[in-house]
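Asker: Before I ask anything, here is the structure I am working with.
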Amino acid sequence: MKRMIGLMGNSGAGKSTVASFLMELGADVIDADKISHDICEPGNAGYDAVRKGFGEQFFGTDGKLDRRKLGAYVFANPQELKRLEQILHPLVLEEMDKRVAASASGTIVVDCALLIDAGLESWVDEIWLVTAAHENKKERIKMRDGIDEEHAKNRLGSQRKQDELLGYADVVIHNDASLSELKKQVGESFYGTNNEPQE
Ligand SMILES: CC(C)(COP(=O)(O)OP(=O)(O)OC[C@H]1O[C@@H](n2cnc3c(N)ncnc32)[C@H](O)[C@@H]1O)[C@@H](O)C(=O)NCCC(=O)NCCS
Ligand SMILES: Nc1ncnc2c1ncn2[C@@H]1O[C@H](COP(=O)(O)OP(=O)(O)OP(=O)(O)O)[C@@H](O)[C@H]1O
């Protein structure tokens, strides 16, 4: 039987970093962001749908989707974010389904900030929440993605609050310290010596 772990948490909390540690422990990782990026590459279904739905102004001279520009726009406009999600989520979920079916690994990790909103709760056996202080999340995504303060705040503001996510979590990973501390927690949770349901 496969072990399905859903990784959730706000942007910048450290999900992908946790996923990379789980990969070292033998898990297969399905990254919702990566899938969403792939389906928006020219020639793929998301690309055409986003171009039609949002227009030329979000595409560069190279023909590619300018994700940073679209992100700044939709995270500042909740109705537009909903409209983008309605276009992309069904395509992302379809691709995730295929990847789960194709995986030969005993452990599959689904890395998805919007695990609850996307209805993936019932897909997974365990929900792991990665938490961090708001300021750390904000500074990490500004640095990683080259976005400004407003974009980072709007992105975080469009997600469910960490406190609310705690109510769904089977395992909580705290990520306000070093990467080696994070790795230690991941190993403990993976091998079942640190299952901590609530903060
Ligand atoms: C808005 C877009 C164009 C911004 O692209 P960009 O490359 O700047 O960011 P990236 O895709 O790497 O996402 C970074 C982080 O933003 C957050 N985020 C992404 N989409 C959403 C969303 N719909 N709601 C809230 N937060 C989101 C997540 O924490 C994600 O890890 C892109 O995120 C997108 O197309 N989002 C809609 C699809 C979606 O919901 N993807 C999330 C996984 S299903
Ligand atoms: N404990 C830590 N110390 C220093 N840097 C960290 C730590 N944890 C994560 N980071 C860095 O912070 C950034 C965000 O981490 P990561 O990409 O894992 O977050 P995420 O939860 O997957 O975010 P998103 O939902 O936006 O994709 C990355 O550049 C990562 O290397």
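The values are calculated or read from the model by the stated rules, or taken from the named source; none is laboratory data. Computed from a predicted model, the values in this text were never measured in an experiment. Virtual Cβ from ideal backbone geometry, glycine too; neighbours counted across all protein chains shown. Accessible surface areas use protein heavy atoms only, side chains included; no ligands, DNA or RNA. Shrake-Rupley method; radii C 1.70, N 1.55, O 1.52, S 1.80 Å.
Asker: Could you list, in sequence order, all residues of region 84-103 that are in contact (Cβ under 8 Å) with a residue 60 or more places away in the chain and open to solvent by 20 Å² or more (accessible area, probe 1.4 Å)?
Answerer: 95, 99, 100
Asker: Here's something else I'd like to know. Would you please list the contacts, defined by Cβ atoms under 7 Å and residues six or more apart or on different chains, that run from a residue in region 54-74 that is assigned to a loop (DSSP other than H, G, I, E, B) to a residue that is acidic (Asp, Glu) and open to solvent by 30 Å² or more (accessible area, probe 1.4 Å)?
Answerer: Close Cβ pairs satisfying both conditions: 60/66.
Asker: Next up: Output the residues belonging to region 128-155 that are over 14 Å from residue 17 (Cβ atoms), surrounded by fewer than 19 Cβ atoms within 10 Å (Cβ to Cβ) and within 13 Å of ligand 1 (Cβ to nearest atom).
Answerer: 142, 145, 146, 148, 153
Asker: Further question on the same structure: If you go through region 104-127 one residue at a time, how many are surrounded by 13 or more Cβ atoms within 10 Å (Cβ to Cβ) and within 15 Å of ligand 1 (Cβ to nearest atom)?
Answerer: Total satisfying the criteria: 14.
Asker: Restricting to region 38-51, name every residue that is assigned to a helix (DSSP H, G or I) and either more than 16 Å from ligand 2 (Cβ to nearest atom) or open to solvent by less than 60 Å² (accessible area, probe 1.4 Å) (or both).
Answerer: Of everything in region 38-51, those that are assigned to a helix (DSSP H, G or I) and either more than 16 Å from ligand 2 (Cβ to nearest atom) or open to solvent by less than 60 Å² (accessible area, probe 1.4 Å) (or both) turn out to be 39, 45, 46, 47, 48, 49, 50, 51.
Asker: Does region 157-179 contain any residue that is among the aromatic types (Phe, Trp, Tyr), open to solvent by 60 Å² or more (accessible area, probe 1.4 Å) and under 14 Å from residue 9 (Cβ atoms)?
Answerer: The answer is yes; a qualifying residue exists.
Asker: Residue 32: farther than 18 Å from residue 172 by Cβ and more than 13 Å from the chain's Cα centre (by Cα), yes or no?
Answerer: Here the answer is no, as residue 32 does not meet what is asked.
Asker: Separate question: Within region 1-28, count every residue that is open to solvent by less than 40 Å² (accessible area, probe 1.4 Å) and either more than 13 Å from residue 111 (Cα to Cα) or within 15 Å of ligand 1 (Cβ to nearest atom) (or both).
Answerer: Here the count works out to 12.
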